[in-house]
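Please treat every number below as a calculation from the coordinates, not as lab data. Remember, it's a predicted structure, so these values are computed and weren't measured experimentally. As a convention, Cβ positions derive from the backbone with ideal geometry for all residues, glycine included, and neighbour counts pool all protein chains shown.
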Amino acid sequence: MYALAIDAGSSSVRAALYDRQGMLVPGSIAQIDVELTVGTGGIVEIDAAMLRRAVEQAIDATLLHPAAADINAVGMATFWHSLVVLDRNGEPLTPVLTWADTRSEPEALTLRDRLNGHAIHQRTGCILHPSYLPAKILWLHRDDPSLYARAGAYVSFAQSCTSVWLGTTATSVSMASGSGLFNHETCAWDDELTSALGVAPDALGGFLPDPELLPPVTPVYAERWPALAGVRWRAPIGDGAASNVGSGCVDADLLALMVGTSGALRRCAVAGAALRPVPDGLWRYRLDRRYAVTGGALSDGGSVYEWLRETLRLPDEDALERELAAREPGQHGLIVLPFWSGERSLGWVGDATALLAGLKHHTTALDIFQAALEAVTYRFAALYDALQSGGETIVASGGGLRESPAWLQMMADAFGQPLVMSTATEASLRGAALIALRDNGLIAELPRVTGGRSFEPRPEHHERHLAARRQQQTLYEREVGPRGANLLARQTRG
């Protein structure tokens, strides 16, 4: 008895089989790399049909495994905050607009001027920012006025897939909660925002009763995937929520640190009858109606690591890791604002750009590499300061950290707290499987964390990182300023 798990990310898609203990079935994982379209003016998008085909190909490959004959549940996780506009026949009119696309920053500013941003933040858990759907929808209507008349639905990438495979655009509470249009108080689409956008709630997709199960695949896809004929799908969830589940962080005393292409620090816990106020600069999404996910996110995590390696033509990873581990904090004398894809938490300046200060003739590529990784680390440390309430265990996951123990040690030093590396190598995939198994009644509870290697902070390094964080904050206030008032270069300029 197995679950098929799917994780559709912005750099790759994966599919695999898991047993009821949450163990990956050996030889079942399939991965297909995908490419973002990145351009001037803040463009970060993916061809919708291409990405769906990549997911289908990953499913095809996993279903070749002998264990696929005994699939009893399907779960899917994918990135939050995506937008695809479908026509009235369900065909995509737009690419997948990702969280990193900042072309709608002017519309986000317009919404902040017109609406009560604080009240919306508390109701929806989301900031009025280009990462979310309200600004994106306004921008699309400005960029192509005819789109409004042709649009039949405004959906996440996950819904654009299930509309084809399962014949429904119904959404989960989890995916809806990352849109910026979901009201946590009513567990429905927010009336004020849908009215302001001129979008009917039905065009965003209907909600499902618990346990949020979707129908099996259509007859056309049952022919392609006979192993899935008659199998109920758990409605797709946000990959961040899935990552918390997969790494075992589903309690208030556990903080999940994830560094993939982007990055996040999250707490997933039972919401209770009344949700506490959302802290300034942070967000709140959902795993389901019972569990809330509170945290902060960076648009640039592992993407910075890869960009630096390629652009600076750095040595191979093993050599780079040894050199990074041997260096002292801040020995480069540089200060970096790591906003390659704009800023989300904590300042939410959507069209901020990266900045490198302190270059000298003797500055090396390794200096820049270290300084940029430290800069990303300091943004995570700021999230930790905003989120932690004392006594939490920090559990790390994601390929961005797993490939670099030196970066993990840097995180522990900057936080001043121990970090535990999760033993789950594919946290989002595993989380999608566990949620599907739970909601199909095949397991009773979500498992807690089983930690791996621990990284202890070094007090002398922590003090140096604190001083460097203060320098970064000074540079931020001078060069970015509140709401980006001091920016000279912006993502939205070509």
Taking every DSSP bridge whose two residues both lie in the stretch 2-240, the antiparallel percent to the nearest 5 is 70
Any idea what the dipole of the chain comes to, in debye rounded to 20, about its Cα centre with Lys/Arg Cβ at +1 and Asp/Glu Cβ at -1?
560
Highest mean packing first, using Cβ neighbours within 10 angstrom, the peptides 73-82, 170-179 sort as 73-82, 170-179
What residues have an amide H closer than 5 Å to that of Ala188, excluding those fewer than 5 places away on the same chain, when H is modeled at 1.01 Å from N in the peptide plane?
Asn183
Using a/c under 1.5 as the rounded threshold, could you call the stretch 427-494 rounded, prolate or oblate? The axes a ≥ b ≥ c are square roots of the C-alpha gyration tensor eigenvalues, and prolate needs a/b larger than b/c, oblate otherwise.
oblate
With just the Cα atoms defining each centre, how far is the stretch 14-85 from the stretch 250-271? Give it in Å.
22
Of 183-192, 46-55, 408-417, 424-433, ordering from highest average Cβ density within 10 Å down gives 424-433, 408-417, 46-55, 183-192
Which log10 I(q)/I(0) values does the stretch 36-95 give at q = 0.27, 0.29 Å⁻¹ under the Debye formula, counting every alpha carbon as one identical point scatterer?
-1.21, -1.27
Listed highest first by mean packing, meaning other Cβ atoms within 10 Å per residue, what order do 207-217, 249-259, 359-369 come in?
249-259, 207-217, 359-369
Could you tell me the center-to-center distance, by alpha carbons, between the stretch 429-494 and the stretch 203-243 in angstrom?
30
Roughly how many nanometres apart are two label points built 7 Å out from the Cα toward the Cβ at Ala252 and Glu192?
2.7
At a threshold of 8 angstrom on Cα-Cα distance, excluding pairs fewer than six apart, so keeping six or more, what relative contact order does the stretch 2-240 reach in percent?
21
Nearest 5 percent is fine: what portion of the DSSP beta bridges confined to the stretch 1-84 is antiparallel?
65
Can you give me the long-range amide H partners of Ala352? Hydrogens built in the peptide plane at 1.01 Å from N, cutoff under 5 Å, separation of 5 or more residues or another chain.
Glu343, Gln491
So for the stretch 311-409, averaging the separation of alpha carbon pairs under 8 Å that are six or more residues apart and normalising by length, what relative contact order in percent results?
28
Restricting to Cα pairs under 8 Å and 6 or more apart, the percent relative contact order of the chain works out to 17
As a check on your grasp of the helix formula, calculate [θ] at 222 nm for the chain: sum -39500 (n - 2.57) over DSSP H runs of n ≥ 4, divide by the residue count, round to the nearest 500.
-10500 deg cm²/dmol
Which residue, chosen from Pro26, Asn72, Thr62, occupies the Cα position most advanced towards the positive end of the dipole of the stretch 1-92, where the dipole is computed from +1 (Lys, Arg) and -1 (Asp, Glu) charges on Cβ about the Cα centre?
Asn72
Note, the stretch 183-198: 3J(HN,Hα) by Karplus (6.51, -1.76, 1.60, θ = phi - 60°), whole Hz, Gly/Pro = x, goes 9, 5, 6, 10, 6, 8, 5, 6, 5, 4, 6, 4, 5, 5, 8, x
Just how far, in whole angstrom, is the stretch 385-410 from the stretch 285-335 if you go by their alpha carbon centroids?
11
Fully extended, how many nm does the chain gain between Arg483 and Ala365 (0.36 nm per residue separation, minus their Cα-Cα distance)?
39.3 nm
Please compute the modelled spin-label separation between Thr474 and Asp144, points set 7 Å along Cα→Cβ, answer in nm with one decimal.
4.8
So if R0 is 25 Å, what FRET efficiency would Ala357 and Arg309 give, r being the distance between their Cβ atoms, rounded to the nearest 0.05?
0.70
What are the semi-axes of the equivalent ellipsoid for the stretch 2-240, taken as the square roots of 5 times the Cα gyration tensor eigenvalues, largest first, in whole Å?
32, 18, 16
Of all beta bridges DSSP finds with both residues in the chain, what is the antiparallel percent, to the nearest 5?
70
Leu466/Arg114 FRET efficiency (R0 45 Å; Cβ-Cβ; nearest 0.05):
0.70
